[in-house]
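So the structure is just underneath, and the comments pick up after that.
Please treat every number below as a calculation from the coordinates, not as lab data. This one's a predicted model, so the numbers in the text were calculated from it and none came from an experiment. Glycine gets a Cβ as well: all are built from the backbone with ideal geometry, and neighbour counts include every protein chain shown.
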Amino acid sequence: MRSLHSSHQFGYHNDEHVHVSYSSVEAYARDLKQAVESGQLISPAQLYAEVRLRSSVPLAQGIHYLEFRDLDLNPFVATGIDAQELQFMQDFAWFLLSQPQMTGDIDEQLATAARMNDKIAMQAPTTSSQEVADAMDQMAIWLNQQTITKPQFAAFTAMQDRVLHPEHTPAAKLVAAGAFETVGQQLARTNKQWATDEPYLLPGFTDMEQSTQMLIEDAMRIGLKVDVLDRSDQFIRLTNGEHQELVRAGNETRLDNLVASRLVDNKFVTKQLLGEAGLPVARAMVYHDLESAQRDFATSFRNKSLVIKPNAANVGEGVSLFMVPPTPEEFETAFQFAHRYGDVLVELFVRGTEYRFFVVANHVHAILERVPANVVGDGQHTVAELVAKKNQDPMRGEAHRKPLQQLHLDERELAVLAEQGLTADSVVPRGHQAFLLTNSNISTGGDSYDMTDEVDESYKKLAIKVAKTMGQTISGVDMIIPNLYQPYQADQAGMATVIEANYNPAMFMHLFPYSGKSRRVTRAVLAALFPEMKDL
């Protein structure tokens, strides 16, 4: 048969004595109320009608929306319904609303339609249905009078094909596929793979940044209403009853004020404030012009390992790192590179491993060890081949749409390779790590290793103090730590160095690290925004 769900014999239907009139909204609301009060229905939700009138206020005051029911799921689509089927449903509803208002006994006409529906549902899947063909012809005439889009045309054509060729319907295809149990298991495995292969993608929101996708997913899971206000700007609204919160880019919220965000954007001022608070920072100076920087280079920075970077840029833009002290020519080139983004910070290079602490409301929720973009040699493949191989990881993508970023071999990467005596065509010895960049940003292809359970508690307290000093509720604190297991002691130099604090720290890299345990830091943000939701 064509449809179990839509048939009166096998689908969800009420007893014959349950009658709810559709002659008016008032009649519908009255009959539904009486059916519940008399015990014929347990609740309004037990009315198994093809269309239910729904409202957020008493129905007698008006209809909020229509609920279309008794639709068969398409077993060949992982979501149960595809975009064309949804488009057709929308257009079909508009077509019906455009028709002249029914006259006569509406309830009797609906009863006749129900009998016709049951007749069609009980037909063999490959049987043609003239009644449906006639309805499609009427809809085609209506569509020809409209200005329709390509998706609308494609959706109607696809559904018309099912009417003209019933063997193309999901029911007929399911019958033709063979034993239901075997087919069902095969489809289940395929759909499970679809749903779990890329857990970092939220269907329907994959055009948005990773952190925003995951915040939306967690918000939906805990029952918050989510409204996307601007997809390209990552602006959403979260609602719990009367409580609303606006969020941009995953964790820009009312919890942090504008001054705090501007403050941490200025790396030099950040260092000043942290230093005054007794927190360990690297010695640095900021410069507006090359001449001033060159004078200090000759007297203060020469023969020292340096980091030269923009004073206010993010995601590793314009950064040059010199573990071997730079020549005057190299210093000038690095300065000009950073100067593209504004004032330049010249900072003493600190040896050690870099860690990102994700702080929310005076608690460290995740810690990552960050390693610059790199490839590990196997003694057989070139750097370019190793990059291509590493980029095959489905977790790597572009523009923060996936947890890890694609590796590149552009001018900047080739220059870093040259410093190691390598080119894109070099075959890297087995086990040797060749770096493509010197900065450790995940957004430029770096690798992330979760170390939350490994780092000594004293460094977590240090990160919280950094966030407090900068006046931040949500912060990404970057530190260089030579030995993460040795407790921090403020009177011993070099045990930790605070590099910077970030006002909009990326959350996706904690959710899906390159290696290690996933940390659902998005829930920490939601808990700070909605403290009344105790289950967070």
Practice task
Within region 409-476, list the trypsin sites (Lys or Arg not before Pro) lying in a DSSP loop whose Cβ has at most 14 other Cβ atoms in a 10 Å radius.
Solution key: 430
Exercise for the section: Among 339, 146, 277, pick out the residue whose Cα is farthest towards the positive end of the charge dipole of the chain, where Lys and Arg carry +1 and Asp and Glu carry -1 on C-beta, about the Cα centre. Expected result: 277
Problem - Top positive-direction residue, dipole computed over region 353-529 with Cβ charges, set 483, 377, 397 - result: 397
Practice task
Starting from the alpha-carbon convex hull of the chain, give the projected area averaged over all orientations, in nm².
Solution key: 33.6 nm²
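Give, as a single signed number, the net charge of other residues whose beta carbon lies under 14 Å from the beta carbon of residue 58, with Lys and Arg counted +1 and Asp and Glu -1. Don't skip to the answer; put the middle values down first.
Numbers: positive: 30, 33, 54; negative: 26.
With Lys, Arg at +1 and Asp, Glu at -1, the neighbours total +2.
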Problem - Around residue 417: net Lys/Arg minus Asp/Glu count, Cβ-Cβ under 15 Å - result: -4
Practice task
Can you find, among 301, 367, 9, the residue farthest towards the positive end of the dipole of the chain? Put +1 on the C-beta of Lys and Arg, -1 on that of Asp and Glu.
Solution key: 301
Fill in the blank from the handout: Given pairs 402/460; 225/468; 267/304; 119/173; 225/534; 402/465 and cut-off 22 Å on Cα-Cα distance, the over-length ones are 402/460; 225/468; 402/465
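May I ask you to list the trypsin sites (Lys or Arg not before Pro) in region 207-261 that are in a DSSP loop and have at most 14 other Cβ atoms within 10 Å of their Cβ?
The qualifying sites are 231, 254.
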Handout entry: Cα-centre dipole for region 283-348 with unit charges at Cβ (Lys and Arg positive, Asp and Glu negative), debye to 20
Key = 220 debye
Problem - Under 16 Å from the Cα of residue 192 - lysines, other chains or at least 8 residues apart - result: none
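Expressed in nm², what is the orientationally averaged projection area of the convex hull enclosing the Cα positions of region 283-348? Numbers along the way, then the final one.
Numbers: hull surface 15.0 nm².
With the hull built on Cα positions only, its mean projection is 3.7 nm².
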Problem - Hz values of 3J(HN,Hα) by residue in region 133-150 - Karplus curve (6.51, -1.76, 1.60), Gly and Pro given as x - result: 4, 5, 5, 5, 5, 5, 5, 4, 4, 5, 4, 5, 8, 9, 9, 9, 8, 4
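Based on Cβ point charges of +1 for Lys and Arg and -1 for Asp and Glu, what charge dipole magnitude is obtained for region 13-88 about its Cα centre, in debye rounded to the nearest 20? Display every interim value, and only then the final one.
Working: 5 positive and 11 negative charges, 65 e Å.
The dipole of region 13-88 has a size of about 320 debye.
Can you give the longest stretch of the chain with no exposed loop site, where a site means chymotrypsin sites (Phe, Trp or Tyr not before Pro) in a DSSP loop (not H, G, I, E or B) with at most 16 other C-beta atoms within 10 Å?
77-340
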Practice task
Work out the length of the dipole vector of region 388-536 about its Cα centre, built from +1 on the beta-carbon of each Lys and Arg and -1 on the beta-carbon of each Asp and Glu, and round it to the nearest 20 debye.
Solution key: 480 debye
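Run the helix sum for the chain: -39,500 (n - 2.57) per DSSP H stretch of 4+ residues, divided by residue count, reported at 222 nm to the nearest 500 deg cm²/dmol.
Numbers: 17 runs with 192 residues, N = 536.
Taking each H run of at least 4 residues, the total per residue is -11000 deg cm²/dmol.
DSSP loop (so not H, G, I, E, B), at most 12 other Cβ within 10 Å: list which trypsin sites (Lys or Arg not before Pro) in region 49-84 pass both filters. Please report the intermediate quantities before stating the final value.
On the way: sites: 52, 54, 69; in loops: 69.
Counting only loop positions with at most 12 other Cβ atoms within 10 Å, none of the trypsin sites (Lys or Arg not before Pro) in region 49-84 qualifies.
Counting Lys and Arg as +1 and Asp and Glu as -1, what is the net charge of the other residues whose Cβ lies under 15 Å from the Cβ of residue 189?
Details: positive: 192; negative: 181, 197.
So the environment of residue 189 carries a net charge of -1.
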Fill in the blank from the handout: Under the rule rounded for a/c under 1.5, else prolate if a/b exceeds b/c, else oblate, using alpha carbon gyration tensor axes a ≥ b ≥ c, region 353-529 is classed as prolate
